[in-house]
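Input: a single structure, listed below in structure tokens.
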Amino acid sequence: MLTTLILLPAAAAVLCFFIRQAPLRRALLVSAAACHAGLTLSFWFRPPDDAWRGALRLDAIGQPFLSILSGLFLVAAVYAVGYLRRESPGPREDFLEGFRFTNAPEAVFTGCLLFFLSTMTLVMLSENMGLLWIAVEATTLSSAPLIYFHRHHRSLEATWKYLLICSVGIGLALLGNFFLAVAASSSHGASTPLSIHLLCERAPELNAPWLKAAFIFLLVGYGTKMGLAPLHTWLPDAHSEAPSVVSALLSGALLNCAFVGILRIFQICAAAGLAPYAQGFFILFGLASIALAAAFLLAQRDYKRLLAYSSVEHMGILALGLGIGGTAAFGAMLHAVNHSFTKAMLFLLAGNILAAYRTKSVHEVRGVLRRIPVTGALWLAGLFAITGSPPFGTFVSELLILRGALEHGRFLLAALYLALLSVIFVGMAATMARMAHGEAPPAPAGAPDALEAKLSIGPPLALGLAVLLLGVYLPPSVDAVLRRAAEALGAG
Amino acid sequence: MHSLLDTLMVLLVFTNLRILGLSRINASIRTVAAQGVLLGLVALVANADHLTGRILLIAVAGIALKGIVFPVLLFRALRAVKIRREVEPFVGYIPSVLAGVAAFLVSLWVAARLPLPGRPPSDLIVPAALSTLFVGLLVIVSRKKALSQTLGYLVFENGVYAFGVGVAYEAPALVEMGILLDVFVAVFVMGIIVFHIAREFDSIDTTRLATLKE
């Protein structure tokens with residue numbers, strides 16, 4: 001079953017390159033995503049067996065993140081159909097600088113999207129640190145062509161930065177894996193394969209200095225990909241230049257993949273009794289990310305970069321929750337779900353705004369509520385969701401992290417966290433609310449006539465409802481899965 | 001045998017210094033290729049007393065990929081972009097070489113702090129691997145041409161790989177092959193992007209890639 005889950009999208013991806021008819025290819029994308037989601041859903045009722053001699057396993061940590069990925073991808077695939085219809089082939093004019101450019105062939109885009117799904121699934125299911133590394137690097141490679149969909153110099157620059165920075169970061173993570181192997185080989189003389197549950201079982205015997213070094217390298221390596229400050233530099237560029245549906249997947253799914261990598265090494269460190277050591281670093285990186293995001297959010301002129309910096313902030317919140325531990329670790333798991341859905345919704349809406357206004361500047365977008373009312377209303381709802389206001393799920397999870405901090409007596413940390421979140425609220429609210437209100441400027445030439453197709457508002461609406469539901473009523477099954485994930489981490 | 005491994009490690013450090021001092025890109029590609037072959041030999045020599053099919057496979061695949069396939073890909077990219085040499089790197093050649101020497105000294109110091117458990121096949125593995133890694137990073141940040149940066153990435157990757165093969169890291173052959181495959185695809189994708197940068201800007205100078213900033 002687990003093998004099918006990985007090979008199904010990969011096979012569909014290969015097929016995409018051979019299908020000539022665009023509608024057929026789009027149908028394949030959505031049906032592969034739907035099958036993937038169906039299989040993932042079935043795992044909630046009947047846990048799948050291990051595959052590949054135990055290298056693939058759906059464990060307590062993998063399950064929530066696989067479910068986020070699968071659900072999000074299905075929604076994004078539906079949106080992508082509408083997006084690809086809008087992006088007719090042939091040369092088009094760049095709205096920022098006025099030159100002409102073409103898009104990458106649609107077959108390449110759809111194929112890479114499906115490969116991307118396949119590699120991200122592998123990340124969630126890897127039970128071996130080596131396999132996990134291969135999968136994370138493969139996500140970088142399969143997503144680089146997606147960022148370079150619009151073939152012009154800005155997206156080229158973003159792709160180059162993304163590829164180089166993330167590859168070097170992930171190279172450091174590979175060194176971390178080797179260090180981990182050294183740490184594991186000391187006790188018996190013979191070395192072990194880097195199976196995560198074996199390492200956790202034997203954790204007390206691991207060589208502590210090498211394990212600590214391994215943790216640092218894996219944290220920095222996967223942290224680069226997760227967008228923790230100061231290693232986040234690729235993130236705003238890639239998110240602003242990629243098509244919105246890709247940005248949604250990068251923020252909602254890819255950053256989680258890197259987070260899973262960090263969770264795995266944390267799991268091993270916690271089993272070895274090094275949790276306090278690791279948590280110190282999480283708090284440091286977490287606070288740095290939130291603070292840096294706050295600084296760049298305040299005066300942001302590009303609304304897609306605004307959302308990208310907000311992702312840096314939320315990755316910081318996840319790291320912080322993990323660093324505090326206890327209630328906050330559960331809060332971080334819940335927050336990962338909330339952030340993925342909220343941010344993906346906002347990026348999809350940003351795609352709608354971009355299509356209607358043909359500009360990414362926050363000063364030129366006015367009156368979204370009048371021009372495209374549904375998108376505008378959802379945009380305002382998304383603003384409240386992303387800043388952690390009630391009644392959305394993000395409010396609950398950010399509050400849980402705050403409660404965790406207070407329970408552990410870390411009042412200074414709690415105060416800093418609250419202060420930074422309020423600065424971010426002000427910064428984002430000022431910008432995003434101004435975009436929604438006011439008189440809409442005259443429609444730019446070349447904007448599509450039918451501005452709000454069902455395919456462009458249905459997906460963000462579904463995501464918004466999910467976040468709202470998580471805030472009002474957390475289903476017991478979801479609660480149990482997230483609790484199990486937090487317990488599996490061993491963050492006391 | 002140990003002295004042979006030590007010699008290979010010293011050669012690895014020499015290739016690093018050579019890469020830092022070269023301006024002609026085709027000579028750099030050849031040096032990086034030599035480094036790849038060297039690493040394949042390291043894999044064989046470091047595990048000479050328990051040579052298995054797995055290690056042979058890894059060494060041969062490594063030599064074929066790093067010594068033949070990558071250079072061919074990179075030479076093809078070089079012909080396509082029609083440049084000969086790196087111009088005016090951010091850090092000059094002589095300071096680069098000095099920085100490379102300094103990196104090696106720092107690596108020796110770091111390695112003395114982190115003793116390998118058990119008996120390592122050579123004391124020079126950790127310092128040589130770490131200094132290769134630093135040199136790779138230095139090339140990435142100090143050179144302007146996208147192709148030079150790709151070479152820097154390869155040198156960096158070689159440093160990581162040197163550590164992996166040197167300390168007899170036991171992983172399923174499948175995982176090792178997966179790692180090599182990933183690096184291969186990375187170089188392939190980077191090569192394509194280099195080609196696109198050349199077409200878009202009539203140059204592969206990454207200082208032209210400076211539109212996106214705050």
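The values are calculated or read from the model by the stated rules, or taken from the named source; none is laboratory data. The structure displayed is predicted, hence computed values, not measured ones. All Cβ positions, glycine included, derive from the backbone under ideal geometry; neighbour counts span all protein chains shown.
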The number of residues in the range A:238-283 that are over 15 Å from A:Ala144 (Cβ atoms), assigned to a helix (DSSP H, G or I) and in contact (Cβ under 8 Å) with a residue 40 or more places away in the chain is 31
Give A:Leu287, A:Leu297 a once-over and let me know the one that is farther than 24 Å from A:Met129 by Cα and within 14 Å of another protein chain (Cβ to nearest Cβ).
A:Leu297
Yes/no for A:Thr159 being facing chain B (nearest Cβ under 7 Å), touching a helix residue (DSSP H, G or I) at 6+ places or on another chain (Cβ under 8 Å) and within 30 Å of A:Ser240 (Cα to Cα):
yes
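If you go through the range A:145-156, how many residues are facing another protein chain (nearest Cβ under 10 Å) and closer than 30 Å to A:Met1 by Cβ?
Residues that pass the stated criteria total 1.
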Do we have B:Leu151 as within 22 Å of A:Leu141 (Cβ to Cβ), at the interface with chain A (Cβ under 8 Å from one of its Cβ atoms) and aliphatic (A, V, I, L, M) here?
no
Just give me the residues in the range A:398-415 being under 19 Å from A:Gly252 (Cα atoms) and either of a type in the set (Phe, Trp, Tyr) or at pLDDT below 95 (or both), in sequence order.
none
Scan the range B:132-164 residue by residue and report those that are over 17 Å from B:Tyr93 (Cβ atoms) and of a type in the set (Val, Ile, Thr).
B:Thr132, B:Thr150, B:Val160
Given the criteria among the basic types (Lys, Arg) and within 25 Å of A:Leu455 (Cβ to Cβ), does A:Arg20 qualify?
yes
Residue under question is B:Ala102, and the condition is that it be at pLDDT 85 or above, buried (at least 24 other Cβ atoms within 10 Å of the Cβ) and more than 7 Å from chain A (Cβ to nearest Cβ); does it hold?
no
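For the range A:229-242, check the following and say yes or no: at least one residue is more than 14 Å from every other protein chain (Cβ to nearest Cβ), within 19 Å of the chain's Cα centre (by Cα) and buried (at least 24 other Cβ atoms within 10 Å of the Cβ).
no
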Pick out the one residue from B:Arg85, B:Arg76, B:Arg30 that is under 21 Å from B:Phe156 (Cβ atoms), basic (Lys, Arg) and surrounded by fewer than 19 Cβ atoms within 10 Å (Cβ to Cβ).
B:Arg30
In the range B:113-130, how many are more than 13 Å from chain A (Cβ to nearest Cβ) and either at pLDDT 85 or above or within 16 Å of the chain's Cα centre (by Cα) (or both)?
3
For the range B:204-214, how many residues are outside any loop (DSSP other than H, G, I, E, B) and either surrounded by 16 or more Cβ atoms within 10 Å (Cβ to Cβ) or at the interface with chain A (Cβ under 8 Å from one of its Cβ atoms) (or both)?
3
Selection status of B:Ala27, in contact (Cβ under 8 Å) with a residue 40 or more places away in the chain and either in contact with a helix residue (DSSP H, G or I) (Cβ under 9 Å, 6 or more places away or on another chain) or not charged (D, E, K, R) (or both)
no
Kindly check whether there is at least one residue in the range A:284-303 that is under 17 Å from the mean Cα position of the chain (by Cα), surrounded by 24 or more Cβ atoms within 10 Å (Cβ to Cβ), of a type in the set (A, V, I, L, M) and in a helix (DSSP H, G or I).
yes
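Residue-wise test of (1) within 14 Å of chain B (Cβ to nearest Cβ); (2) modelled with pLDDT of 95 or more; (3) in a strand (DSSP E or B).
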position	(1), (2), (3)
A:Gly38	no, yes, no
A:Asp49	no, no, no
A:Arg85	no, no, no
A:Glu97	yes, no, no
A:Phe101	yes, no, yes
Can you name every residue in the range A:165-186 that is touching a residue at least 40 places away in the same chain (Cβ under 8 Å) and within 7 Å of chain B (Cβ to nearest Cβ)?
A:Val168, A:Gly171, A:Leu174, A:Leu175
Checking the structure you have, find out if any residue of the range B:153-160 is out of contact with any Asp or Glu (no Cβ under 9 Å at 6 or more places or on another chain), within 29 Å of B:Phe188 (Cβ to Cβ) and of a type in the set (Asp, Glu).
yes
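Regarding B:Phe201, is this residue buried (at least 21 other Cβ atoms within 10 Å of the Cβ) and at the interface with chain A (Cβ under 8 Å from one of its Cβ atoms)?
In short, no.
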Of the conditions (1) closer than 30 Å to B:Ala111 by Cβ; (2) within 12 Å of another protein chain (Cβ to nearest Cβ), A:Lys225 clears all except one; give me its number.
(2)
Answer with yes or no whether A:Gly280 is more than 14 Å from chain B (Cβ to nearest Cβ), small (Gly, Ala, Ser), out of contact with any Cys (no Cβ under 8 Å at 6 or more places or on another chain) and at positive phi.
no
What are the pairs, 6+ residues apart or on separate chains, where a residue within the range B:159-172 that is within 7 Å of chain A (Cβ to nearest Cβ) has its Cβ under 6 Å from a residue that is assigned to a loop (DSSP other than H, G, I, E, B) and modelled with pLDDT under 60?
B:Glu170/A:Ser191
Criterion violated by B:Ala186 - all others in (1) touching a residue at least 60 places away in the same chain (Cβ under 8 Å); (2) closer than 21 Å to B:Val69 by Cβ satisfied
(1)
Take A:Phe116 and tell me if it is of a type in the set (Phe, Trp, Tyr), part of a helix (DSSP H, G or I), under 23 Å from A:Lys304 (Cα atoms) and more than 12 Å from chain B (Cβ to nearest Cβ).
yes
So, B:Phe90, is that one surrounded by 13 or more Cβ atoms within 10 Å (Cβ to Cβ) and either modelled with pLDDT of 85 or more or not β-branched (Val, Ile, Thr) (or both) or not?
no
